[in-house]
Amino acid sequence: MKIGEFNLKSDGVFIIAELSANHGGDINIAKETIKAAKEIGANAIKLQTYSADTITLDSDNEDFVIKGGTLWDDKKLFDLYQEDFLTWEWHDELFESARSLDIDIFSSPFDNSP
């Protein structure tokens, strides 16, 4: 089985780095993270594609408020996702950046939004 040019049978372990929301809303941080992933030996970088309004409700109901001793306790899911989503407008630039560094890039979509 191959992923891009990587042969899982003969090339060993395929390492995927997760960008997630670690860009803090700054495309330059996203690009630097991709570069760092390549430098430490990751074979690919994975993005998350969503927007807050397509994966949760803007609700104060306790079912939509984070609990459990986390960094985000008492924050609404909607607000967290609204702050940390990776905008679709960044995709072309991030994919171009990754390709220029010769690191595979893909996204896990959360819904079928364009």
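Points worth noting:
- Flag if A36 is at pLDDT 95 or above and in contact with an Asp or Glu (Cβ under 6 Å, 6 or more places away or on another chain): no
- Segments classed as helices (runs of 4 or more DSSP H), wholly inside region 22-110, with at least 1 members that are within 11 Å of the chain's Cα centre (by Cα) and more than 29 Å from G12 (Cα to Cα): 77-84
- Subset of region 58-85 [under 21 Å from L47 (Cβ atoms) and touching a Phe, Trp or Tyr at 6+ places or on another chain (Cβ under 8 Å)]: L77, F78, L80, Y81, F85
- Condition check for E89 on (1) in the same structural domain as T33 (by TED's automatic domain parsing); (2) at pLDDT 90 or above: one failure, at (2).
- Taken over region 72-100, the criterion of being free of Cβ contacts under 8 Å to residues at least 40 places away in the same chain and of a type in the set (S, T, Y) is satisfied by Y81, T87, S100.
The values are calculated or read from the model by the stated rules, or taken from the named source; none is laboratory data. Predicted, not measured: the structure shown is a model, and the values here were computed from it. Every residue, glycine as well, gets a Cβ built from its backbone with ideal geometry; the counts of neighbours run over all protein chains shown.
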